[in-house]
1. Against the 2.2 N^0.38 Å scaling, with N counting residues, where does region 279-399 land? I'd like the Cα-based Rg ratio to two decimal places.
2. Roughly how many debye, to the nearest 20, is the charge dipole of region 234-399 about its Cα centre, given +1 on each Lys and Arg Cβ, -1 on each Asp and Glu Cβ, and no other charges?
3. How do the peptides 270-277, 209-216, 150-157 rank, highest first, by the average count of neighbouring beta carbon atoms within 10 Å per residue?
4. State the volume of the convex hull built on the alpha-carbon positions of region 269-333, expressed per residue in Å³ and rounded to an integer.
5. What's the Kirkwood radius of region 155-206 in Å, using all Cα pairs?
6. What order do you get for 368, 238, 286 when you list them from fewest to most C-beta neighbours inside 10 Å?
7. Using +1 on the beta carbon of Lys and Arg, -1 on that of Asp and Glu, and nothing else charged, what's the dipole of the chain about the Cα centre, debye to 20?
8. Taking the Cα centre as origin and putting +1 on Lys and Arg beta-carbons and -1 on Asp and Glu beta-carbons, what dipole magnitude results for region 212-289, to the nearest 20 debye?
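Values in this text are rule-based calculations from the coordinates and carry no lab data. Owing to the predicted nature of the structure, the values given are computational and were not obtained by experimental measurement. Cβ atoms come from the backbone with ideal geometry, glycine included; neighbour counts cover every protein chain shown.
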Amino acid sequence: MKILIKYRAVIALILCTSLLSGCWDREEINDIAFVIGIAVDKEGDNYRASQQIALPGQSGSAGSEGGGGGTSGNKSWFLLSNTAPTLRETTLVGQKSLSRKIYYAHRRTILIGEELAREGVASMLDLLTRYPLNRLSALPVVTRGEAYKVIDTDAPIEKFPSEMVRELCFLHMRKPRSLKTFVDSILSEGIDPFLPIASVSDSVPKDWKDSKTNIKLDGLAIFKKDKLVGMMDKDPADALILAMGEANAPEVMIKAPRGKGDIFIKLNENNASLHPHIENGKVRIDIELYAKGVVVDNESNYGDLREEEIVRINDDIRQKIKADIEEGVHLIQKKFKADILGMGRSIHQQLPKEWKKIKDRWDVLYPDVKVEIVPHVLIENVGVFNKPIGVVEEDIVHD
């Protein structure tokens, strides 16, 4: 009887193996071209897609042999660029000249050329979001001029220029705009999209030996729905990022309250909230900013930075932040007429009944909305030394 039970158990196990799928759909790594980043431009009526493809054999550290037989100094990526009437066709055309299957699941950066962004990115976004292998966590970035020039820079500090763009985004904002967030802003009420701007720069002056191209973030690209309407320079853009509570440890420079020189304060913590008010049909938005900072550099001859003087510096940094944010708000309201701070969304969320009354007129009302900036800033630390170093006692200016 026991032998019969054992036979039955063995037969059952054998039958179970017939249900296993095995590796019928496997793909070997040697047969796949991993796309790390992509740059998309518009050339006349055609799209140009430039795909940055990783070369595992050249992925060793700089100056050494990469795994798989790479040679010293070779790039760890290959750029495949071609044109077609539609963005999807660029992949089909590119695949004909590539011996490995193009694979997009590892693409983490999408560079969008300025001309394409101005024409509108809706059709491009459909392709990038519909197919499951496309990452919604990828970071879209607008470039000044052609995107392919940015993705083809030297960017020697990272293995891939597209990855350098990604790292810069995370240094600039705590939560950079992902593809998902960007699409959500296009489809949502009461908020307009924005993206960081990337451009090519030089690591050293061009006439120096071994000059290389590099990448920098220098502003915000402002959208109305899916179309770029303007580019904001870095200083007012940084102020608006701070107004969103998204700035990643920014530094603020203020003039010394007395004497000569500048003082730099690093805001290690910052958060912001929007509070809408509607009275007699008039809309007012209060932006409350909370920040804590430390003095990282005192290049002035001002004081011992004790209690009374720190209070004075606190007042000055509040006024500086208030003025910077007001400048940025003025630009998005009057020049770009785009609600990237989500003032309309704050009304939608906090005053839904009022939003129903004004949402159809929001584009008309928005440029004239009164915005009040209320900064709360606390300096927690002035560093190791109170007095400015290198300034003799008789030259120090006190309150």
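1. Details: Rg = 20.5 Å, N = 121, 2.2 N^0.38 = 13.6 Å.
Taking the Cα Rg and dividing by 2.2 N^0.38 Å, one obtains 1.50.
2. Working: 24 positive and 31 negative charges, 237 e Å.
Its charge dipole is roughly 1140 debye.
3. Working: 270-277: 17.4, 209-216: 14.4, 150-157: 19.6.
In decreasing order of mean packing, 270-277, 209-216, 150-157 become 150-157, 270-277, 209-216.
4. 127
5. When all Cα pairs of region 155-206 are included, the Kirkwood radius is 13.0 Å.
6. Numbers: 368 10, 238 21, 286 15.
Least crowded to most crowded, the residues run 368, 286, 238.
7. On the way: 55 positive and 59 negative charges, 456 e Å.
Charge dipole of the chain: 2200 debye, to the nearest 20.
8. Details: 12 positive and 12 negative charges, 61 e Å.
Here the size comes out at about 300 debye.
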